[in-house]
Amino acid sequence: MSSELRTLKPETDQPETHPSETHPSETDQAETDQPEADQPETHQSEADLAFIRRETELKPVPFVPEVGLHMAEDAITLWETTERARGEVGLPPPFWAFAWAGGVAVARHVLDHPELVAGRAVLDVAAGGGVVGVAAALSGAASVRAAEIDAYAVAAIGLNAEANGVRVEAALVDLVDGDGAPADVVLAGDVFYERAMAARFLPFLERAAARGATVIVGDPGRAYLPRERFTALAAYQVPVVADLEDTAVKTTTVWQLG
């Protein structure tokens, strides 16, 4: 696909007029790009690790300088480079190479309120590059699992955890048909950017909450967040990549389900 037709930009509050081929992590590639859900793959290939080291730069995350991530400068260029490296067309966008507002806000909130995760088992779902999972580990979580459906993301999470001196189990798996067990805390950054995505994620999060998990999400005003089902915990002015969001700062709310 040509770069003119590609976009990583999420939908806004006017979903009818915006394309849905957008944004951070789990996409409709789940059925083809992941192993069986009950047999998550945690192996990170040396080729993927080398690719990330070569194509990204380790640097502090704006607004969350306690966390360093391997990040890229140009989304479309990196997307096309991943396809050349794989010899495939139609790979998921490299959401893992950017710090999206929802995840950054959750990471900030967890670092400022470590009691949310300290001593608890944490699941970072649709983890991208792992900013939320790393923040949870830095805040004293007993264990952190970061689930993704993109093998590059899994490799990036491993590198980012290592760079921050923490342990995060990165898994190539689609968990959204379950309830996030056995995690005590389920964290998700920016998962309500598309109608189909929201239709899968909301029941997953509700199942997690129903079994007693604390469920926290970050959302920068995406179109499909059912705000009436959540309680706002905090709001942040998060700096973002203007080329991805059409603005330099996104007002981003951290919500708790229920």
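The values are calculated or read from the model by the stated rules, or taken from the named source; none is laboratory data. Note that the structure is predicted; figures quoted are calculated from it, not measured. Every residue, glycine as well, gets a Cβ built from its backbone with ideal geometry; the counts of neighbours run over all protein chains shown. Surface accessibility is based on the protein's heavy atoms, side chains included, excluding ligands, DNA and RNA. Shrake-Rupley method; radii C 1.70, N 1.55, O 1.52, S 1.80 Å.
Points worth noting:
- Scope the range 107-124; condition closer than 11 Å to Val185 by Cβ, open to solvent by less than 10 Å² (accessible area, probe 1.4 Å) and out of contact with any Asp or Glu (no Cβ under 8 Å at 6 or more places or on another chain); matching residues: Val110, Val117, Leu123, Asp124
- Applying a threshold of 7 Å to beta carbon distances and a minimum spacing of six or more residues, or different chains, the list of pairs starting in the range 64-80 at a residue that is in contact (Cβ under 8 Å) with a residue 40 or more places away in the chain and ending at one that is among the polar types (S, T, N, Q) reads Val67/Asn164; Gly68/Asn164; Leu69/Asn160; His70/Thr56; His70/Asn160; Met71/Thr56; Ile76/Ser3; Glu80/Ser3.
- Selection count where residues are in a loop (DSSP other than H, G, I, E, B) and surrounded by 24 or more Cβ atoms within 10 Å (Cβ to Cβ), scope the range 130-144: 1
- Tally, over the range 145-178, of residues that are open to solvent by less than 10 Å² (accessible area, probe 1.4 Å) and part of a strand (DSSP E or B): 5
- Of the residues making up the range 184-206, those that are over 22 Å from Ala101 (Cα atoms) and either part of a helix (DSSP H, G or I) or open to solvent by less than 10 Å² (accessible area, probe 1.4 Å) (or both) are Pro203, Glu206.
- Scanning the range 207-228 for any residue that is among the basic types (Lys, Arg), in a helix (DSSP H, G or I) and buried (at least 17 other Cβ atoms within 10 Å of the Cβ) turns up at least one such residue.
- Checking the stated criteria, Glu83 turns out not to satisfy the condition of being out of contact with any strand residue (DSSP E or B) (no Cβ under 9 Å at 6 or more places or on another chain), acidic (Asp, Glu) and either at pLDDT below 55 or assigned to a loop (DSSP other than H, G, I, E, B) (or both).
- Just one of (1) in a helix (DSSP H, G or I); (2) crowded, with 24+ Cβ neighbours inside 10 Å fails for Ala127. It is (1).
- In this structure, Glu73 qualifies as modelled with pLDDT under 95, surrounded by fewer than 21 Cβ atoms within 10 Å (Cβ to Cβ) and not in a helix (DSSP H, G or I).
- Every residue from the range 86-99 that is modelled with pLDDT under 90 and crowded, with 16+ Cβ neighbours inside 10 Å: Leu91, Pro92, Pro93
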